[in-house]
1. Return the FRET efficiency for the residue pair residue A:79, residue B:97: r is the Cβ-Cβ distance, R0 is 41 Å, and the value is rounded to the nearest 0.05.
2. Counting partner chain Cβ atoms within 10 Å of every residue's Cβ in B:72-85, what's the average?
3. Per Stokes-Einstein, at 4 °C and 1.567 mPa s, what whole-number D in µm² s⁻¹ belongs to chain B, with the Kirkwood radius over Cα pairs as the hydrodynamic radius?
4. Quick check: from the Cα gyration tensor, does chain A come out rounded (a/c under 1.5), prolate or oblate?
5. As a test of the formula, what do you get for the protein assembly as shown when each DSSP H run with n ≥ 4 contributes -39,500 (n - 2.57) and the sum is divided by the residue count, at 222 nm and rounded to the nearest 500 deg cm²/dmol?
6. Residue A:90 to residue A:8: FRET efficiency via 1/(1 + (r/R0)^6), r the Cβ-Cβ distance, R0 22 Å, to the nearest 0.05?
7. Where in region A:23-42 does the label zone of residue B:41 land, with the point 7 angstrom along Cα→C-beta and an amide N cut-off under 16 Å?
8. Compute the FRET efficiency between residue A:34 and residue B:70 as 1/(1 + (r/R0)^6), taking r as their Cβ-Cβ distance and R0 = 25 Å, and round to the nearest 0.05.
């Protein structure tokens, strides 16, 4: 639940999602759900030449199970808030 | 993936906004399927009408028609909405026949297999 809430607060930010198949997609976080499935808007692939099939794709749905990393801007994260939330979750969970 | 009400379409991760649109589905085995999304569920299972597989080898590509497909969600990596006003592929790519692309695929897989076995042979010889 923690990361679901965290990502909900990040909606509207530019993120880069790195998938387990090494595909990296940059886009605006449109939405997220309980499975951490991600919907991105205004997407473009980081290494476009290596993945030519994605050229016309501007919005996409990414299944949560295939995400390796979600790269965020450093000022997009309130680390202290996240730290507190994690501590609370660990205590209560 | 939650079921969306009419107003939720703008905010949720539901695939409802992609219904009846042309989509690209990336599968875990590396295949790329294209078609019209007709149905989906909470597992990202999907029904694709007029599906075809786009095979790309270097500069060559081919679209192999498949018909009506039901895709099991666990195989899905990504579902992308294809913008019909944009170019689907870079202009330098050449469209070839099914037989030719299958031949190119075979050459590519044999080359990577050979690289794989040579590496395995080298690893085997490395006793350190």
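1. Using R0 = 41 Å, I get an efficiency of 0.15.
2. Details: counts 0, 2, 2, 1, 5, 9, 15, 8, 13, 8, 8, 5, 1, 2.
Counting other chains' Cβ atoms within 10 Å and averaging over B:72-85 gives 6.
3. Values: Rh = 17.1 Å.
Here the translational diffusion coefficient equals 76 µm²/s.
4. Values: a/c = 2.36, a/b = 2.10, b/c = 1.13.
Note, shape of chain A comes out prolate.
5. Numbers: 3 runs with 50 residues, N = 221.
Helix contribution divided over all residues of the protein assembly as shown: -7500 deg cm²/dmol.
6. Numbers: r = 20 Å, r/R0 = 0.92.
Calculated value: 0.60.
7. So the set is empty, nothing qualifies.
8. On the way: r = 24 Å, r/R0 = 0.97.
Efficiency computed from Cβ-Cβ geometry: 0.55.
Read-outs: derived from the displayed coordinates by stated rules, not from any lab. Remember, predicted model here, so these are calculated numbers, not experimental data. Every residue, glycine among them, receives a Cβ derived from its backbone with ideal geometry; neighbour counts consider all protein chains shown.
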